[in-house]
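Below: one structure, written as structure tokens.
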Amino acid sequence: MTATIDRLDADAICAAMTSVQALRVGRLECIASVDSTNAELLRRGTEQTDLSVLIADTQTAGRGRRGRAWHSPPGANLYLSLYRRFTRQPRELGGLSLAVGVACAEALHALGYFEVRLKWPNDLLARGRKLGGVLIELMPASAVIGLGLNVRIPVTTADTIDQAWTDLATLGATPARNPITAAVLDHVLPALDRFEADGLEPFRQRWEALDAYADQEVRVQDGMELFSGRALGIARDGGLRVHLPQGERVFHSADVSLRPT
Ligand code: BTN
């Protein structure tokens with residue numbers, strides 16, 4: 001499929017959404033290029049319309065977790081940010097990226113991509129490779145929720161990505177970005193309402209059902225410290241539970257990888 005056929009279109013996305021969710025979106029824009037959709041919504045600040053969605057065909061300075069770059073070639077993938085107000089305190093929003101991950105993975109399952117799994121804290125994986133990621137940045141009483149999803153990584157940029165990746169095109173039928181975006185929003189918007197009302201609890205079991213590393217031997221890099229243990233799923237506050245030789249420990253900010261066998 002060429003980039004021209006797979007043109008991002010706000011009207012097509014709204015038309016493919018369930019009407020109840022489409023009516024709730026305050027503003028939905030598809031633009032050709034921006035430094036980062038997250039950065040742009042952060043710049044617009046807290047005065048912008050609640051439930052604003054910004055999607056770019058390409059990002060010139062896409063942001064990943066922990067200050068990493070997010071490769072954002074044009075015509076191929078999904079780079080989406082959503083602005084939403086929350087009444088919860090910032091410390092209660094710690095599990096939000098897990099809830100969003102669950103909603104995205106369930107959206108992709110609903111589209112037939114049954115191999116999609118989650119890796120703590122915010123990765124979408126399939127076949128052990130990175131398919132996407134969630135980056136949440138907080139503002140006063142609100143959050144910008146960014147999703148990067150590999151739909152069809154162009155061969156020309158594939159070599160520049162510094163980790164094992166996959167895309168939806170590898171997993172199944174050649175996907176179009178407008179219906180994928182609609183499915184993601186149809187799942188993410190109600191998930192945000194549920195998170196606002198009830199926190200992470202309604203998502204914990206669903207997250208664990210999708211956990212790529214459940215009961216696997218993992219390595220956890222927490223700052224300068226490296227731990228080895230067995231992944232036990234997530235704690236009530238969204239931390240990662242790991243069974244270490246000295247007992248169970250919950251990690252809140254760390255990089256996790258499978259332990260080589
Ligand atoms: C990760 O490191 O896994 C998170 C990646 C998040 C990337 C998305 S793409 C849309 C939004 N804009 C950004 O600059 N980053 C997020």
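The values are calculated or read from the model by the stated rules, or taken from the named source; none is laboratory data. Here the structure is a predicted model, which is why all the values come from computation and not from measurement. Ideal geometry is used to build each Cβ from the backbone, glycine not excepted, and the neighbour counts take in all protein chains shown.
Remarks
- Extreme residue, nearest to the chain's Cα centre (by Cα), among residues of segment 71-94 that are within 16 Å of the ligand (Cβ to nearest atom) and part of a loop (DSSP other than H, G, I, E, B): 77
- Residue 90 being of a type outside the set (D, E, K, R), closer than 25 Å to residue 239 by Cβ and surrounded by fewer than 19 Cβ atoms within 10 Å (Cβ to Cβ): yes
- Residue 46 among the hydroxyl-bearing types (Ser, Thr, Tyr), out of contact with any Gly (no Cβ under 9 Å at 6 or more places or on another chain), surrounded by fewer than 15 Cβ atoms within 10 Å (Cβ to Cβ) and in a helix (DSSP H, G or I): yes
- Taken over segment 117-131, the criterion of being buried (at least 23 other Cβ atoms within 10 Å of the Cβ) and away from the ligand (no atom under 13 Å from the Cβ) is satisfied by 126 alone.
- Scope segment 250-261; condition surrounded by fewer than 16 Cβ atoms within 10 Å (Cβ to Cβ) and either at pLDDT 95 or above or farther than 14 Å from residue 211 by Cβ (or both); matching residues: 250, 252, 253, 255, 257, 259, 260, 261
- Residue within segment 132-141 that is charged (D, E, K, R) and within 14 Å of the ligand (Cβ to nearest atom) present: yes
- Counting only residues that are touching a residue at least 40 places away in the same chain (Cβ under 8 Å) and within 9 Å of the ligand (Cβ to nearest atom), segment 37-49 holds 4 of them.
- Of the strands (runs of 3 or more DSSP E) contained entirely in segment 105-190, those carrying at least 2 residues that are in contact (Cβ under 8 Å) with a residue 60 or more places away in the chain and of a type in the set (Val, Ile, Thr) fall at 142-149.
- For segment 208-261, the set of residues classified as assigned to a strand (DSSP E or B) and either small (Gly, Ala, Ser) or at positive phi (or both) consists of 228, 229, 231, 233, 247, 257, listed by residue number.
- Selection of segment 49-70 for residues being assigned to a loop (DSSP other than H, G, I, E, B) and closer than 21 Å to residue 100 by Cα yields 49, 50, 51, 62, 64, 68, 70.
- Residues that are basic (Lys, Arg) and more than 20 Å from residue 213 (Cα to Cα), drawn from segment 85-126: 85, 88, 91
- For segment 50-68, the set of residues classified as modelled with pLDDT of 95 or more and either more than 7 Å from the ligand (Cβ to nearest atom) or of a type in the set (A, V, I, L, M) (or both) consists of 50, 51, 52, 53, 54, 55, 56, 57, 58, 60, 61, listed by residue number.
- Residue pairs meeting the criteria (Cβ under 6 Å; at least 6 apart or on separate chains; first among the small types (Gly, Ala, Ser), in segment 61-85; second part of a helix (DSSP H, G or I) and more than 6 Å from the ligand (Cβ to nearest atom)): 81/41
- Some residue of segment 158-181 being surrounded by 14 or more Cβ atoms within 10 Å (Cβ to Cβ), more than 14 Å from the ligand (Cβ to nearest atom), within 22 Å of residue 36 (Cβ to Cβ) and of a type in the set (Ser, Thr, Tyr): no
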